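What follows draws every value from the coordinates through simple rules; no lab data is involved. Note that the coordinates shown come from a computational prediction; the quantities given were computed from them, not determined experimentally. Neighbour counts are summed over all protein chains in view; Cβ atoms, including those assigned to glycine, are modelled from backbone coordinates with ideal geometry.
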Amino acid sequence: MSRLSRSFYQKDTVAAAREILGKILVRDTGKELLSGRIVEAEAYTGPGDPASHAYRGPTPRSRIMFGPPGYAYVYFCYGNHSLLNAVTEEEGRAGAVLIRGLDPVEGLGTIRKNRGNVEDKNLLNGPGKLTRGLEITLPLNGEDLVRGSELWIEDGQIFPGERIISTPRIGIKKGTERLWRFVLENKSGPGGPL
DNA sequence: GAGAAGATCTCCT
DNA sequence: GGAGATCTTCTCA
């Protein structure tokens, strides 16, 4: 496995959100590697996307979305939850991909311990859950996903029988008409998460 | 300087 | 299935 290069992130945010599915998010806690396969992501752009933090232009919090691509944007929401994004688009243009769901790959024991006593299928299937499971916290905001030593994304692939579906984004009140949420489905049967 | 809203999760009924 | 928890950031006066 090799890390995604800077050029992967330096593209259209919606395209990056779709292509990041199947890639491997890796967290090095200093003691062991925790990783998971990305199965759900959402695209957030800048001006023109009322659901994005960058909608009103750069602020102290959102300015990282306007910076160079390939960096982590971690922020705190609802009092208890850190949410992880990967900054996209070229420098000066706002964009980020919200990582919403993972399938555990490495460090399952530690992830289970971090998450408490929940079913395996519920370990990392939400943006607040995966950050807790992989110990992704606010100090990782601004981490370089291409050259950093604590958090990065490795190349991965879509397997035969899997398909990418697009749906409206979750948990927002504005901009829901855009189908910028992408989910990797590995079941061909009826009845998805919707 | 104060108030309100927010890209969520968990517990309780 | 529904409502509370809980804190950072932004906006307005």
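When A:Ile153, A:Ile164, A:Ile99 are ordered from fewest to most other Cβ atoms inside 10 Å of their Cβ, what list results?
Ascending number of Cβ neighbours within 10 Å: A:Ile164, A:Ile153, A:Ile99.
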Hey, if you drop one equal point scatterer on each alpha-carbon of the range A:83-160 and run the Debye formula without solvent, what base-10 log of I(q)/I(0) do you get at q = 0.15, 0.16 Å⁻¹? -0.60, -0.68
Hey, can you rank A:115-125, A:131-141 by average C-beta count inside 10 Å, highest first? A:131-141, A:115-125
Sequence neighbours fewer than 8 away in the same chain don't count; with that in mind, list the lysines whose C-alpha is under 27 Å from A:Lys129. A:Lys23, A:Lys31, A:Lys113, A:Lys121, A:Lys173, A:Lys174, A:Lys187
Within a Cβ distance under 14 Å of A:Ile136, other residues only, what is the Lys/Arg minus Asp/Glu net charge? +1
Amide H contacts under 5 Å for A:Glu143, restricted to residues at least 5 apart in sequence or on another chain and with H modeled in the peptide plane, are A:Ala72
Kindly give the semi-axes, whole Å and largest first, of the ellipsoid equivalent to the range A:43-194, taking each as the square root of 5 times a Cα gyration tensor eigenvalue. 25, 20, 16
Residues in the range A:113-153 reached by a label modelled at A:Ile170 [backbone nitrogen below 14 Å; 7 Å Cα→Cβ]: A:121-131
Once fully extended, how much extra length lies between A:Glu154 and A:Glu177, figured as 0.36 nm per residue of separation less the alpha-carbon to alpha-carbon distance? 5.2 nm
Karplus-derived 3J(HN,Hα) from phi for the range A:120-125 (6.51 cos²θ - 1.76 cosθ + 1.60, θ = phi - 60°), whole Hz, x at Gly and Pro, runs 4, 5, 9, 4, 10, 9
With n ≥ 4 as the cut-off for DSSP H runs, can you work out [θ] at 222 nm for chain A, using -39500 (n - 2.57) per run divided by the number of residues, rounded to the nearest 500? -3000 deg cm²/dmol
If you build a Gaussian network model of chain A, linking Cα atoms that sit under 10 Å apart, which residue out of A:Ile20, A:Ile165, A:Ile111 swings the most? A:Ile165
Take every Cα pair under 8 Å in the range A:1-118 that's 6+ residues apart, average their separations, divide by the length, and report that relative contact order as a whole percent. 29
Long-range amide H contacts for A:Leu84: which residues qualify at under 5 Å (H placed 1.01 Å from N, peptide plane, sequence gap of 5 or more or a different chain)? A:Ile99
